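The values are calculated or read from the model by the stated rules, or taken from the named source; none is laboratory data. Everything numeric in this text was worked out from a predicted model, so none of it was measured. Using ideal geometry, Cβ is built from the backbone for each residue, glycine included, and neighbour counts are taken over all protein chains shown. In case anyone asks, the SASA skips ligands and DNA or RNA and just uses the protein heavy atoms, side chains included. Shrake-Rupley method; radii C 1.70, N 1.55, O 1.52, S 1.80 Å.
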Amino acid sequence: MSTEYTVVIEKDEDGYYVGSVPSLQGCHTQGTSIDQLLERMQEAITLWLEVEGEDAPRLHSS
């Protein structure tokens, strides 16, 4: 079973991409590229869910 989460991505004033998952309070990270950000978002979501005791999701990007 795979769960999908919406990731909100913004670019900050220093050029970093910042991603957050609105449905997972406090789940956010940043990266210097979209690819790096998506990789780090997968890690952040996995860690968030481990702390909460849930299964890790698969992050889908298009």
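Quick notes
- Members of the range 22-37 found to be over 12 Å from Glu10 (Cα atoms), open to solvent by less than 50 Å² (accessible area, probe 1.4 Å) and modelled with pLDDT of 95 or more, listed by number: Cys27
- Looking only at the range 1-21, and only at residues there that are out of contact with any His (no Cβ under 6 Å at 6 or more places or on another chain) and acidic (Asp, Glu), the one that is most open to solvent (accessible area, probe 1.4 Å): Glu13
- The range 39-51, residues that are modelled with pLDDT under 95 and either among the aromatic types (Phe, Trp, Tyr) or under 14 Å from Tyr16 (Cβ atoms) (or both): Trp48
- Cross-chain or 6+ apart pairs with Cβ under 8 Å, the range 13-28 first and in a loop (DSSP other than H, G, I, E, B), then among the hydroxyl-bearing types (Ser, Thr, Tyr) and surrounded by fewer than 17 Cβ atoms within 10 Å (Cβ to Cβ): Gly15/Thr32; Tyr16/Thr32; Val21/Thr6; Pro22/Thr6; Ser23/Thr6
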